[in-house]
Amino acid sequence: MATGADVRDILELGGPEGDAASGTISKKDIINPDKKKSKKSSETLTFKRPEGMHREVYALLYSDKKDAPPLLPSDTGQGYRTVKAKLGSKKVRPWKWMPFTNPARKDGAMFFHWRRAAEEGKDYPFARFNKTVQVPVYSEQEYQLYLHDDAWTKAETDHLFDLSRRFDLRFVVIHDRYDHQQFKKRSVEDLKERYYHICAKLANVRAVPGTDLKIPVFDAGHERRRKEQLERLYNRTPEQVAEEEYLLQELRKIEARKKEREKRSQDLQKLITAADTTAEQRRTERKAPKKKLPQKKEAEKPAVPETAGIKFPDFKSAGVTLRSQRMKLPSSVGQKKIKALEQMLLELGVELSPTPTEELVHMFNELRSDLVLLYELKQACANCEYELQMLRHRHEALARAGVLGGPATPAAGPAPASAESAVSESGLGPDPTKDTFIDVVGAPLTPNSRKRRESASSSSSVKKAKKP
């Protein structure tokens, strides 16, 4: 009689351990046999990749779903299994152990190697790579007529050309193999100079008239100086290397100071030109008749540089705009200038935002532009005075040390109007070397000293403007 285990085995039902032990079949086993089987297989065959392990490494591990990974790499593609070996019907070319000689060797040495039997008797295939330098050959008559030199004997010249043929013009090797005991001791430059002088002389003598000659030229003096300089550079001490680096850094600093001075002089010249242009413009407006249209006035105004005061934007776009927008300072004006401008307006008793009528807006913008121009001129003047004072003190120090040789300038007394008058009064004169020396050594201004001077100059300019 069939038991429950037999029925379960026929229906391929797993079932729990309790049912298997008791041999009974439940209703769920008969209704949903496939679902239970798939659930069991999914529970037993799924593996979770450990945390921290790469996917490629985990794929190499053995699992029930896949076979064990192969120990050796293999190609199991379908194409590899179907491809058959294509063997030719020709016979294999025979190889033979045969002797050969190298044409580059002059001793007639015999060597052996494997070679195809069909190539027996042919030249050594690598002999074509043996390239030799064509060293000229001279006769006794040519040497006596054209190549004779009192510093060189014929035996010494023959020895030089023999070594040149043996070592393919490798002059360092030639100098090493040169017979310094039998002949005079020569340097590499001497050997090169003698060789190329003979080659150039023979080329001139044997040349056909009307042909272009490529005569080799060797400058022995230049080569000796080059090697001497290289030897000096190599034999420098660490102190000399450090001193050279220090001098290069000082040279860069001097060039940077020179560029800064040139830039400051250009900015100062722009400010002076802007001040003169503004004054001339005001003078022309006062003399002009009042019947002229404002448009013609704007057309006749001379071009003012951009650095002259403040350049207010023109509101010419379509649409409604407020007149007070024309009083707004542009973004090109820095915060430092804005604060100084407000301080100067407060000192003069002018409102910071007056009623924006047409005439007031125009006059208020002109006033602020002139105040900013005055502020920039005061800064430039203070910088020039400071540099002049620095040059004067430096000149006095150099004069006391005896570098310049002239009398020292007294520290007290009124300052000259310009740097040129100061130099002329101090006794420098038109000596260009002294002027260049002072110009190069002049120290640049530090940012802190500039800030202190600019704030002091702005406050002093406000006080002077407030006085009647």
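The values are calculated or read from the model by the stated rules, or taken from the named source; none is laboratory data. The structure displayed is predicted, hence computed values, not measured ones. Backbone-built Cβ (ideal geometry, glycine too); neighbour counts: all protein chains shown. Side chains are part of the model used for accessible areas, which takes the heavy atoms of the whole protein and leaves out ligands, DNA and RNA. Shrake-Rupley method; radii C 1.70, N 1.55, O 1.52, S 1.80 Å.
So what J values fall out for region 106-111 if you push phi through Karplus, 6.51 cos²θ - 1.76 cosθ + 1.60 with θ = phi - 60°, rounded to Hz, Gly and Pro as x?
Running phi through 6.51 cos²θ - 1.76 cosθ + 1.60 with θ = phi - 60° gives 9, 8, x, 5, 10, 10 Hz.
Taking a probe of 1.4 Å, how large is the accessible area per residue of region 188-236, in Å²?
For region 188-236, the per-residue accessible area is 75 Å².
Using a 1.4 angstrom probe on the protein heavy atoms only, could you order ILE254, ILE272, ILE174 from most to least accessible area?
Largest accessible area first, the list is ILE272, ILE254, ILE174.
Which ³J(HN,Hα) values, rounded to whole Hz and listed in residue order, are derived for region 124-140 from phi using the Karplus coefficients 6.51, -1.76 and 1.60 in 6.51 cos²θ - 1.76 cosθ + 1.60 with θ = phi - 60°, glycine and proline given as x?
Running phi through 6.51 cos²θ - 1.76 cosθ + 1.60 with θ = phi - 60° gives 5, x, 8, 6, 5, 7, 7, 9, 10, 7, 7, 8, x, 10, 10, 9, 5 Hz.
For a distance above 20 Å, tell me the whole-number percent of Cα pairs in region 154-295 that qualify.
Tail of P(r) above 20 Å: 74 percent of Cα pairs.
Hey, if we sort ARG226, ARG170, ARG326, ARG232 by accessible area with the 1.4 Å probe, largest down, what's the order?
The residues order as ARG232, ARG170, ARG226, ARG326, largest area first.
I'd like the FRET efficiency for GLU245 and CYS384, computed as 1/(1 + (r/R0)^6) with the beta carbon distance as r and R0 of 41 Å, rounded to 0.05.
0.75
When the solvent-accessible surface of protein heavy atoms is calculated with a 1.4 angstrom probe, in what order do PHE161, PHE100 fall, highest first?
Accessible-area ranking of PHE161, PHE100, largest first: PHE100, PHE161.
With a 1.4 Å probe and all protein chains left in place, how much of the accessible area of region 133-219 comes from carbon and sulfur atoms, in whole percent?
Summing carbon and sulfur atoms, their accessible area is 50 percent of the total for region 133-219.
Would you please classify the overall shape of region 163-237 from the alpha carbon gyration tensor, given that a ≥ b ≥ c denote the square roots of the eigenvalues, rounded means a/c under 1.5, and beyond that prolate means a/b larger than b/c while oblate covers the rest?
It comes out oblate by the Cα gyration axes.
Would you please name the GluC sites (Glu not before Pro) within region 103-158 that are DSSP coil residues with at most 13 other C-beta atoms within 10 Å of their C-beta?
The qualifying sites are GLU120.
Pulled fully out, how much extra length does the chain show between LYS48 and ALA203, if you take 0.36 nm times their separation in residues and subtract their Cα-Cα distance?
Extra length from LYS48 to ALA203 when fully extended: 47.1 nm.
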